[in-house]
Amino acid sequence: MIDAVVDQYFVVLEKLGEKFEDLEDQIVVNPEPTSLSTIYKMKRDMLFLRKSVWPLREAISSLQRLDSPLISESTKIYLRDVYDHTIQVIENVETFRDMSASLLDTYLSSLSNRLNEVMKVLTVISTIFIPLTFIVGLYGMNFKYMPEIESPWGYPSVIALMIVVALVMLTYFKKRKWF
């Protein structure tokens, strides 16, 4: 009966392993907020599984050490085999616990990378508009003796200057591969 229980743990661990692989693929491709709750649920499952297996290991170990006429030498060999399987189950559970921690790290890293990409785009946009804002602010002042105020080409030349500044900055950013 103990062997059947231990063997069923292998089936459960195999299914959990498939879930871990699917979740890992999902997190790397497209991390979603639901992934975080799934990771925590799987961590709780691993903790529950660990709490279930450790007492079984202790019980089998006690049966192996027990000097009773009810347990024959051939049964002790069988118990050693079951004990080894229990140790394998515990090691697999520990591996999955480590995987759940690394999945959480991967999820947070993926979110951080997405946030960095958004911040990079916003930084490039604001960097382009800062000099344009300066030029508009400068020519928006009401001074009597400002160049190009009386010139018929004053307004178009300022617009052309702003377009040239924006294009030069865009070209520079593309050469640097910032976007």
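The values are calculated or read from the model by the stated rules, or taken from the named source; none is laboratory data. For clarity, every value in this text was computed on a predicted model and none was experimentally measured. Neighbour counts run over all protein chains shown; Cβ positions are idealised from the backbone, glycine included.
Of all residues in the stretch 55-80, exactly one satisfies the criterion of being free of Cβ contacts under 8 Å to residues at least 40 places away in the same chain and within 15 Å of Q8 (Cα to Cα), namely R57.
For the criterion of being surrounded by 12 or more Cβ atoms within 10 Å (Cβ to Cβ) and in the same structural domain as E18 (by TED's automatic domain parsing), F96 passes. Number of residues in the stretch 29-41 that are touching a Phe, Trp or Tyr at 6+ places or on another chain (Cβ under 7 Å) and not hydroxyl-bearing (S, T, Y): the value is 3.
Of the candidates S52, S35, the single residue that is of a type outside the set (A, V, I, L, M, F, W, C), surrounded by 13 or more Cβ atoms within 10 Å (Cβ to Cβ) and either farther than 27 Å from A4 by Cβ or at pLDDT 90 or above (or both) is S35. The numbered conditions (1) loosely packed, with under 11 Cβ neighbours inside 10 Å; (2) assigned to a helix (DSSP H, G or I); (3) not hydrophobic (A, V, I, L, M, F, W, C) are all true for E150 except (2).
Inspection of the stretch 126-141 finds a residue satisfying the criterion of being at pLDDT 90 or above and surrounded by 16 or more Cβ atoms within 10 Å (Cβ to Cβ). Comparison of L115, L138, L161 shows that the only residue that is at negative phi and within 27 Å of the chain's Cα centre (by Cα) is L115. Taking (1) under 30 Å from V6 (Cβ atoms); (2) in contact with a helix residue (DSSP H, G or I) (Cβ under 9 Å, 6 or more places away or on another chain); (3) among the polar types (S, T, N, Q) in turn, S110 satisfies each apart from (1). For L103, the conditions (1) farther than 30 Å from S61 by Cα; (2) out of contact with any Asp or Glu (no Cβ under 9 Å at 6 or more places or on another chain) all hold with the exception of (2). What about F20, is it aromatic (F, W, Y), loosely packed, with under 14 Cβ neighbours inside 10 Å and under 23 Å from Q88 (Cβ atoms)? Here the answer is no, as F20 does not meet what is asked. Checked against the criterion of being aromatic (F, W, Y), assigned to a helix (DSSP H, G or I) and not assigned by TED's automatic domain parsing to the domain that holds L47, the candidates Y145, Y107, Y155 yield just one match: Y155.
Checking each residue in the stretch 60-80 for being among the small types (G, A, S), in a loop (DSSP other than H, G, I, E, B) and at pLDDT 75 or above picks out only S72.
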